[in-house]
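First the structure, in the form of structure tokens, and then the observations on it.
The values are calculated or read from the model by the stated rules, or taken from the named source; none is laboratory data. Predicted, not measured: the structure shown is a model, and the values here were computed from it. No Cβ is skipped: glycine too gets one built from the backbone with ideal geometry, and neighbour counts run over all protein chains shown. Heavy atoms of the whole protein, side chains included, go into the accessibility calculation; ligands, DNA and RNA do not. Shrake-Rupley method; radii C 1.70, N 1.55, O 1.52, S 1.80 Å.
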Amino acid sequence: MENKIFAIKIADLGISQLYINREKLNGVAKWFDVSRVNEYEPLPVYDFGNGRYTLTNGHTRAYTMLKNGIHDVRVQLDLDEMITCDLGQQLYKTDIEWCNKHGMHSVSDFESRIISNELYSVLWLERCKRLYNLLSSDFSTDNLSKNFPDLLLYGANTDLSEFYFDDCNGKFYLCKDGVLQKDLFMMEKI
């Protein structure tokens, strides 16, 4: 099967991350050249069942293009096994759900979500690790989610003794031994 490159409006692209790393954005801005945009690698996208092509990578490049007045971009289906396998599908569908719950729907929504490298490591990379821990186990989260219906369960530690929640308003919580408390690690970092 040939994987063709095609054009799409940036505004029509879904997103699968909550933040952009400011240092990475500054790096992309240094080498980005509007006159060479068609020479760059196409952005990787995938339809995770919602009828919308979602970026699987390249959020910073897409944002840079948008900020430089580019509205149509070249994309290509991301058929990497990590995207198409069951776990990959679960991870990305959860990322998309997070974006929706946090009011993030398109590349333009990153305007107020550009953060330092240190915060990106904590707020995004750590969050993704915690989600991986949760989804790669066979633990059922139904009861936990029901116990805290106003919070979004987003992950666990490796031995599933701690579960992590956020309230979609910048507050983070840790549940250990069934007791919910502020997530001091996250609170200290932000």
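Remarks
- L91 vs. criteria open to solvent by less than 60 Å² (accessible area, probe 1.4 Å) and outside any loop (DSSP other than H, G, I, E, B): yes
- Any hit, region 96-115, residues being basic (K, R) and under 11 Å from the mean Cα position of the chain (by Cα): no
Let's see how each residue does on (1) free of Cβ contacts under 8 Å to residues at least 60 places away in the same chain; (2) within 16 Å of G88 (Cα to Cα); (3) of a type in the set (S, T, N, Q):
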site	(1), (2), (3)
R36	yes, no, no
Y46	yes, yes, no
N68	yes, no, yes
D72	no, no, no
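- Positions within region 4-37 being open to solvent by 90 Å² or more (accessible area, probe 1.4 Å) and over 16 Å from N117 (Cα atoms), in sequence order: K4, K9, K30, W31, S35, R36
- Sub-6 Å Cβ pairs linking a first residue in region 145-159 that is over 9 Å from K129 (Cα atoms) to a second residue that is open to solvent by 100 Å² or more (accessible area, probe 1.4 Å) and not hydroxyl-bearing (S, T, Y), at least 6 apart or interchain, are L152/K101, ordered by first then second residue.
- For region 110-124, the candidate set comprises residues that are of a type in the set (D, E, K, R) and assigned to a helix (DSSP H, G or I); within that set, the residue that is least open to solvent (accessible area, probe 1.4 Å) is E111.
- For region 141-190, a residue qualifies if it is within 21 Å of E118 (Cβ to Cβ), surrounded by fewer than 18 Cβ atoms within 10 Å (Cβ to Cβ) and hydrophobic (A, V, I, L, M, F, W, C), and the qualifying residues are L184, F185, M187, I190.
- Every residue from region 1-57 that is of a type in the set (S, T, N, Q) and in contact with a Pro (Cβ under 8 Å, 6 or more places away or on another chain): T56, N57
- Exactly one residue out of G58, G49 is farther than 24 Å from K171 by Cα and open to solvent by 60 Å² or more (accessible area, probe 1.4 Å): that is G49.
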